[in-house]
Amino acid sequence: LVQLLGERSGGNPLFLTQLARIAREDPEADRLPGSLRSLIASRLDALGPTARAVVDNAAVLGVTGPIGALERFAGEMDQEFHPSILDTLVADGLLVVDDGWWRFRSDVVREVAYQTLTKSARAQRHAGTAFVMDQFGLAPVDLVAHHAASAAELVDEIGPTEAVPVDIRDRAIELLVASTRRSLELGAFNQAIRTATRAIDLDPDEDVVRALLLLRAEAAAERREGELARTDAMAVLDRSVEAGDEVQEAVARRLVGVLAQQAGDLGTARSELDRSVEILRGLDRTSGADSDLDASPAGAGAATGPTSSAGHTIERELASSLSERGFVEVFGGSLADADAILGEAETLALRLEDRRQLAWVRQHQSWVSFLAGDFEAAERRLEVSSGLFDELGDRSGAGWATGLLAYLRFFERRFGEAEQLAVDVREEALALGERWAPAMMDSLLASIRLWSGRFGDAEELSRRALAGFRDLGDRFGIVQALVPRMRALVALGDDREAERSMEEAMSLADAFGDLAIPTVAAAGTATHLGLGERAVTLGEAGLERLEAMHAEGSEARITLALGLCQIGDPEGALAQLLHVSEERPFSHAVRTVALAMLGDTDRAIAEADLVNVDGDATYLDCVISDVAAAGATCISGDGVDGDVERRLQRAGRLADQVGDAVARSLVRSARRRWITSPEPVCDPAGVDEGEQLGPGWTRMLDEISAHGACDPDGETIGDDGG
């Protein structure tokens, strides 16, 4: 209550004591008391005419501003202005003055001052403010547009007003269009939607309405507000075809294609974007590369031609449509096709010196490099993209670049850097009012926590991301959130929920063409569960999709190799591992398993040692390799007493430390085979942990044991002594 009273009073002692008295009498009051408004109104009425005029002018200007603006305002209104007037207003507790700026002591004072002005007076002051700001460059376009629109809205309500230009509505629309474009360029999509809507409500001409609808659709698409974006884009598509405006038709089709891609409908995305490119190519050939499509009778900045934030010429629109068309191939298509299409967009952007379009092209090209496994090229392209976005002041674009860099760091196993980047992107996106980017960063953070052994955090973050993506209707995002969620649920021992999540991911897989992420993730979950047959089926399908995309498939091959081990095919596993482009702890761990299953003990132990000295190894890499190496050591008969126990103890400590139910069961089942354990090891609920181990893991241990097993005294019994 104290905090609330302080905020409402602005710290003014008179207002504060009045509010405190009212609050004591009515503690449940949830609105500003009328008596306080009356008190403020009476204090304003007590001001002299010059001081009151300054307060009224300030109320029109906003909550705060430079003192020079008040002085210029007074001059334009033929009013007196002396600095001493501000001293009076400060002494009365109405304004605060600091370092050449003024601000209202309380928002309530400004609100009451503004409401006591007549509507005609407000319209005059807003129109005058807009004119002065525009003439002398005193404010950004969004603030100028606000004042012009406020004047236009008041005139629309009360009729023609003295001292307000008769064309104020047209001027306001022109400024609102420019403001909307500027907001799009800066990544302020909420503001772009509000400004475009305000302009549409002023009832502009049909061609300008279509342009504004496209601007609003673009902003809504960026915010993943699919329903609003689709409604606006389809409305423009129908109306532009009827009007014969091919440029707006092409832009509308591009937006429809982008929305289809976001929804996972790659067929519609390809067809609409192909048609957009086709139309623009035709216009480019007939109109010339530099035809200005934004010459408007409403004046510079009024959008009657193409309305993409990328630019106003046919070539710029073509570059934008090509960029989006190439991006469709990144998720579920051909990376080779994506690279070729994006290359053409890059050529156009460079020729036009369109830095914004080039930034997005580099962003999309970075995705191609990332999925192709060329992390160095991906990072180089990201540096260019991020630098351009920073130069342009585009916070949203810069966030995209940083978000992808966070994923890059994650796949490089630089978890600390990845987490910090993800947290920064998430906070920035929330500050911008975005919903999609925070959910995507939650998915990444869930993956980082998962492979750091923090399964509870991973499950919570993935659940939050999943809720966000479902609310947005983003199927690709849902898949992204399910990837770490499936594995976290397995680690937590919730196998049924993990399988439900795996089935949901697979049900979405076909919607994305050749996109391999859901299939490969499901294969990994199947191996974690010990479902070898399913892991092999899914792994082969995922690898096939990756090859169709020309994407890097090492991780999928390693997962498939582990599945092959779980169905008793270590030779097939080793064959798959031969095609891994770069060795990593996971590949060494699976090779340890395969070699141990084949009885190649020395090489198996050597592979396991590579895992344990690699700082990038995950907990599961270490547990799998140590268990397999313990079996190999047991087979060899060399140093059995110490080495088997040491490896299994180390694996057991790690499994217990992170709490992975599968890893714990794997270690304990191995101990029963290769150390001594006459009684089954039980969890607190009294369940034999060996029974929790999937059939694939059991078969793997059985095949390693088939080459020889240790008796309680640590001596090796050969196959013939069974």
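Where a number appears in this text, it was derived from the coordinates with a stated rule and is not lab data. Since the structure is predicted, the reported quantities are computational estimates derived from the model, not experimental observations. Here the Cβ positions follow ideal geometry from the backbone for every residue, glycine too, while neighbour counts run over all protein chains shown.
Values computed for the structure shown
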read-out	value
Rounded tilt (10° steps) of 640-658 against the dominant C-alpha axis of the chain	20
For segment 447-462, Karplus couplings with θ = phi - 60° (6.51, -1.76, 1.60), whole Hz, Gly/Pro x	5, 4, 5, 4, 7, 9, x, 10, 6, x, 4, 4, 5, 5, 5, 5
Principal-axis tilt of helix 355-371 within the chain, Cα atoms, nearest 10 degrees	10
Inter-part distance where segment 406-435 and segment 581-639 are each reduced to a Cα centre, Å	33
Other-chain or far-sequence residues with amide H under 5 Å of residue 64's (modelled H)	none
Amide hydrogen neighbours beyond the local backbone of residue 492, cut-off 5 Å, H modeled	661
Estimated FRET transfer efficiency (residue 78, residue 507; beta-carbon r; R0 45 Å; 0.05)	0.05
On Cα atoms only, tilt of 475-491 relative to the major axis of the chain in degrees	40
Anisotropy class of segment 557-654 from Cα gyration tensor, a/c 1.5 cut	oblate
Relative packing of peptides 320-332, 465-477 - highest average C-beta neighbours within 10 Å first	320-332, 465-477
Packing rank of 189-201, 171-183, 370-382, where each peptide gets the mean count of other beta carbons within 10 Å, highest leading	171-183, 189-201, 370-382
From phi via Karplus (6.51, -1.76, 1.60), per-residue ³J(HN,Hα) for segment 391-400 in Hz, x at Gly/Pro	4, 7, x, 8, 5, 5, x, 4, x, 4
For segment 558-571, Karplus couplings with θ = phi - 60° (6.51, -1.76, 1.60), whole Hz, Gly/Pro x	5, 4, 4, 4, 5, x, 5, 4, 6, 9, x, 10, x, 5
Other-chain or far-sequence residues with amide H under 5 Å of residue 101's (modelled H)	67
Peptides 441-452, 565-576, 589-600, 60-71 ordered by average Cβ neighbours within 10 Å, highest first	589-600, 441-452, 565-576, 60-71
